[in-house]
Amino acid sequence: MADNETSSDTGMRAVVDNIGNPQPRVQNAEPELTPYLDRVYKMDPFDDVPGPVKVAPGTRFSPPTVKVLHEDDRHEILAALRDLPPEQRDEQESKLVLAKMREVAARQRAWVGVSDDALPYHQEQALIARQVLDIEREMATYQEQIDRVVFRTEYNEETGKNEPVEVPFLPQTRRDAYAAHIRSLRRHRLLLVKDDGTYGVEGMKRMHEAAQESAKALKAIDDARKDAEEVETLARQMVRDDRIKERARSRANILKNEVR
């Protein structure tokens with residue numbers, strides 16, 4: 001890939017979806033955080049990570065059909081359904097549509113982000129994806145300006161006629177400056193995410209920090225839950241002890257009266 005070319009979003013999808021890419025695991029983590037880091041890495045980036053849209057608990061959805069997809073994404077599924085027996089099409093349609101929805105979900109997640117309730121790891125993941133998309137969009141905008149041409153009439157000595165000639169719209173100095181800026185943007189993008197979708201140096205560092213922050217958050221939740229359970233257990237024990245003491249006092253009074 002040349003310096004002034006942009007990549008497809010295939011790698012970006014891999015960043016958000018973590019499909020086929022090594023996890024940016026933290027090395028030499030504190031032992032007490034290790035099990036929580038494992039929990040973070042095992043979370044599905046879609047099924048286990050809330051999106052920005054809140055859905056009321058208990059909400060039920062009808063099986064999706066091809067109508068929910070963009071027109072460009074329907075053709076492949078419709079072609080596959082035509083090859084199936086009629087009695088299998090309804091069931092397979094929803095499965096194929098769900099698979100396609102997941103396929104395009106990473107690109108959408110990169111644009112819309114995740115819920116504020118998501119762990120820092122997944123928030124950083126979506127943020128990096130969005131930043132890369134923004135960089136690639138800016139690169140494409142500058143490249144369009146570099147590639148822009150106009151036509152001017154020049155005399156052709158061979159034909160003896162005035163003929164239209166394609167020439168760059170921008171002067172060479174401006175085009176060179178834009179090309180240099182694209183190279184700078186690309187270097188920044190590669191620091192975040194490499195062409196194969198794995199994290200670059202900066203992206204890896206940020207994901208390591210976010211993973212540790214997420215592990216600490218999960219540990220804090222677990223610690224708070226354990227404290228609450230211990231408080232509940234101790235409170236019940238105190239109530240039981242008070243009840244036994246009260247009964248013991250009553251029994252002691254009875255015994256005193258019997259002795260008299």
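What follows draws every value from the coordinates through simple rules; no lab data is involved. Predicted model only: the values in this text are computed from it and were never measured. We place every Cβ from the backbone using ideal geometry, glycine too, and count neighbours over all the protein chains shown.
Remark on V193: its backbone amide H falls under 5 Å from those of G200, a criterion applied only to residues 5 or more positions apart or on other chains, H modelled at 1.01 Å from N. Could you tell me how many degrees, from 0 to 90 and to the nearest 10, lie between the Cα long axis of helix 71-82 and the main elongation axis, the longest principal axis, of the Cα atoms of the chain? It is inclined by approximately 80 degrees. A straight Cα-to-Cα reach below 20 Å connects K216 with the aspartates and glutamates E30, E32, D38, D44, D48, D116, D117, E124, D227, E229, residues fewer than 8 places away in its own chain not being considered. Ranking L96, V231, L119 by how far each Cα lies toward the positive end of the dipole of the chain (charges on Cβ) leaves V231 at the top. When every Cα-Cα distance of region 126-260 is counted in 10 angstrom steps from zero, the calculated P(r) takes the values 10, 17, 14, 12, 10, 9, 7, 6, 6, 4, 3, 2, 1, 1, 0 percent.
In straight-distance terms, cross-link reach from K67 covers every one of the lysines whose alpha-carbon lies under 28 Å from its own, apart from those fewer than eight places away in the same chain; here that gives K54, K95, K100. Shown here are the Rg and Dmax of the Cα trace of the chain, at 31.4, 141 Å. Considering every alpha-carbon pair of region 190-260, the percent of pairs per 10 Å bin, from zero through the bin containing the longest distance, is 17, 18, 15, 13, 11, 10, 8, 6, 3, 0.
Evaluated with a Cβ-only charge set (Lys, Arg +1; Asp, Glu -1), region 58-133 carries a dipole of roughly 80 debye about its Cα centre, given to the nearest 20. When the chain is treated as a Gaussian network with alpha carbon springs shorter than 10 Å, the biggest mean-square fluctuation among T141, T198, T233 belongs to T233. Phi-derived couplings, Karplus 6.51 cos²θ - 1.76 cosθ + 1.60 at θ = phi - 60°, listed residue by residue for region 110-123: 5, 7, 9, x, 10, 5, 5, 7, 5, 5, x, 4, 7, 5 Hz, with x used for Gly and Pro.
Ignoring solvent entirely, what values of log10 I(q)/I(0) come out of the Debye formula for region 84-194 at 0.10, 0.20, 0.22 Å⁻¹ when each Cα is a single scatterer? Reported log10 I(q)/I(0), two decimals: -0.60, -1.05, -1.12. Database remark: amide H of V165 closer than 5 angstrom to the amide H of R152, T153, E154 (H placed geometrically; neighbours at sequence offset of 5 or more, or on other chains; Pro and chain starts carry no H).
Charging the Cβ of each Asp and Glu at -1 and of each Lys and Arg at +1, and nothing else, the dipole of the chain about its Cα centre rounds to 1720 debye.
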